[in-house]
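First the structure, in the form of structure tokens, and then the observations on it.
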Amino acid sequence: MVNAITPRRACPTLAVPMPTGDGCLARLPPLLTPLTPDQLAGLARAATAHGNGLVEITKRGNWQIRGLAEDGGPALAAALADLGLDLPDGPPISADPLLPPENVAVAHGFAEVLRARLTESGLSARLAPKIALTLDFGTAQAPRGLNGDIRIAFRAGRAELAIGGDENSARRLGSVPVDAAAEAAFALLEQLAGYGQFARLSGAAGIHDDAAFAAILGGHPEFADPSAATAARDGRETASDLAMIAFPFGQAEAGPLAELAATARAAGIAAIAAAPDRRLLFAGPAAARAAIRAAAERLGFITDAGDPRQSVFACAGSAGCASGALPTRILAAELAAAVPDLLDGSFALHVSGCAKGCAHPEAAAISLAALDNALAIVLEGRPRDPARGIVPAKEIAGRLGRLAAAVAQARIADEASALVLRRLGAAAIEDVLLGSGVDGTRKDGSGSDGRERDRRQPRLSA
């Protein structure tokens with residue numbers, strides 16, 4: 001039996017936490033200013049005082065705190081505000097979490113003007129709750145891979161606006177002077193609101209009326225068509241300047257996080273920021289970065305970019321969500337340990353507690369959606385997409401082991417797993433994962449339960 005799926009029209013916030021299986025979940029808005037070690041320690045204390053001590057970093061790089069009481073959002077918000085965190089209402093605005101000071105001023109100025117316009121006009125109430133904006137200043141940690149309804153690249157005194165995607169997929173409309181960027185973004189949001197309260201510019205169902213949105217900007221006296229050249233990046237900050245760690249499957253306990261904050265304070269870390277892909281970044285001298293890496297490894301955080309857990313996306317599952325049918329993070333850890341060579345970072349393995357797919361909203365090479373004590377297997381899709389078949393949860397590690405062996409046998413030199421999987425093709429992968437023979441082949445030449453190959457399970461959600 002598949003747990004009932006309720007469409008999520010809005011994301012959890014501090015003002016309106018989302019009920020889950022372990023209390024309520026509150027998500028902080030993107031922070032445009034880095035944390036100090038003392039603020040990180042305070043965040044860990046707040047997670048214990050107002051929640052169940054579990055802290056998360058999302059795929060988009062936002063902080064979450066679990067286990068709140070139903071009415072616990074305001075008290076948590078007050079505690080975080082007392083730490084000096086800027087926690088504005090309105091559409092989330094993501095940027096490089098470790099922006100240089102001059103860019104921080106521009107980002108804050110943009111956000112303040114836009115939010116003031118949204119408040120005075122009442123437009124926020126007419127926008128889809130999941131509307132998101134991204135700001136790209138050309139720095140090393142810019143949110144290049146984040147989808148946004150509106151994406152703004154700041155370069156050489158200009159703000160280039162694009163809609164509906166990430167750096168590569170967003171449709172570029174043109175540019176205006178930097179000081180006109182907030183007003184231009186407001187005009188685009190006002191146009192979007194005319195399509196209905198749940199209209200978006202990003203995602204498969206996003207509005208694609210590019211001409212109408214381009215016309216909005218075209219009236220600005222200093223509007224310029226999209227530049228043919230790729231915007232340059234300043235390159236001042238590289239990965240070697242930072243200590244990067246990650247939360248295993250996006251979650252950490254407050255105790256180890258507080259220990260990490262204490263190490264950061266003692267070592268002289270200057271700035272700390274949550275970042276996309278469940279990472280936590282530390283900026284400071286080389287010796288301080290080395291101390292953070294050593295402490296993080298001792299405390300169970302991910303310190304190696306090649307750690308197989310980085311390739312696996314898992315939600316809270318039955319341990320923390322009423323919709324979850326299995327303890328997905330325990331299962332995800334078992335799978336990462338079982339097939340480390342397969343999980344080389346070139347593709348995503350998504351282990352979802354239900355068909356909603358919260359941990360990885362985009363399509364994944366392999367998605368496993370839990371239902372009772374089994375898993376529905378989806379290839380190149382999301383958990384709610386049609387499944388290739390269903391296998392018992394207790395068998396999935398062995399079946400992925402067979403797939404790892406098939407990939408190893410077919411691999412050419414140092415070829416990435418994703419390329420091998422693509423060459424093998426969906427039919428061969430399906431045979432290995434759903435076949436009942438010891439070598440992954442189907443005993444009867446058809447489906448693992450005797451069905452014809454081309455028949456598929458129905459969708460897991462309505």
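For GLU120 and GLU395, what does the FRET efficiency come to when R0 = 51 Å and r is the distance between their Cβ atoms, rounded to the nearest 0.05? The partial results should precede the final answer.
On the way: r = 58 Å, r/R0 = 1.14.
Step by step, r from the Cβ atoms, then E = 0.30.
Relative contact order, percent, of the chain when contacts are C-alpha pairs under 8 Å separated by at least 6 residues? Numbers along the way, then the final one.
Numbers: 963 pairs, mean separation 61.5, N = 462.
For the chain, the relative contact order is 13 percent.
How large is the helix-only mean residue ellipticity at 222 nm for the chain, computed as the sum of -39500 (n - 2.57) over DSSP H runs with n ≥ 4, divided by its residue count, in deg cm²/dmol to the nearest 500?
On the way: 11 runs with 137 residues, N = 462.
Value at 222 nm, helices only: -9500 deg cm²/dmol.
What residues have an amide H closer than 5 Å to that of THR20, excluding those fewer than 5 places away on the same chain, when H is modeled at 1.01 Å from N in the peptide plane?
Answer set, sorted by chain and number: LEU25.
Cβ neighbours within 10 Å, averaged per peptide: list 219-225, 307-313, 157-163 in order, most packed at the top. Walk me through the intermediate numbers first.
Details: 219-225: 11.9, 307-313: 22.7, 157-163: 20.7.
Highest-to-lowest ranking by the protection proxy: 307-313, 157-163, 219-225.
Report the FRET efficiency, 1/(1 + (r/R0)^6), for ASP179 and LEU87, where r is their Cβ-Cβ distance and R0 is 22 Å, rounded to 0.05. Can you show the working numbers first?
Values: r = 26 Å, r/R0 = 1.16.
E between ASP179 and LEU87, to the nearest 0.05, is 0.30.
HN-Hα J couplings of the stretch 398-411 from phi, Karplus 6.51/-1.76/1.60, θ = phi - 60°, integer Hz, Gly and Pro as x?
Taking θ as phi minus 60°, the curve returns x, 5, 5, x, 5, 5, 4, 5, 5, 5, 4, 5, 8, 5 Hz for the stretch 398-411.
What number of lysine-lysine pairs in the chain show an alpha-carbon separation below 21 angstrom, given a sequence spacing of 8 or more or placement on distinct chains? Intermediate values should be presented prior to the final figure.
Details: LYS59/LYS130; LYS59/LYS356; LYS130/LYS356; LYS394/LYS443.
Within the chain, the lysine pair count is 4.
Can you run phi through the Karplus equation (6.51, -1.76, 1.60; θ = phi - 60°) for the stretch 56-67 and list ³J(HN,Hα) in whole Hz, with x for Gly and Pro?
Ordered by residue, 3J(HN,Hα) equals 10, 10, 7, 4, 8, x, 9, 6, 9, 10, 9, x Hz.
What is the fewest-to-most order of PHE249, PHE137, PHE347, PHE198 by other Cβ atoms lying within 10 Å of their Cβ?
On the way: PHE249 25, PHE137 22, PHE347 19, PHE198 13.
Ordered by Cβ neighbours within 10 Å, fewest first: PHE198, PHE347, PHE137, PHE249.
Find how much the distance from ALA286 to GLU362 grows on full extension, using 0.36 nm per residue of separation minus their present alpha carbon separation; answer in nm with one decimal.
Numbers: separation 76, 0.36 × 76 = 27.36 nm, distance 3.60 nm.
Stretched out fully, the ALA286 to GLU362 stretch lengthens by 23.8 nm.
Between 0 and 90 degrees, rounded to the nearest ten: what's the tilt of helix 37-50 against the longest Cα principal axis of the chain?
Taking the Cα atoms of the chain, the angle to 37-50 is about 60 degrees.
Rg and Dmax in Å for the stretch 52-162, alpha carbons only: what are they?
15.4, 47
Readers should treat all values here as calculations from the given coordinates under stated rules, not as data from a laboratory. Treat the numbers as computed from the prediction; the structure is a model and nothing was measured. Please note: Cβ atoms are built from the backbone with ideal geometry, for glycine as well, and neighbour counts cover all protein chains shown.
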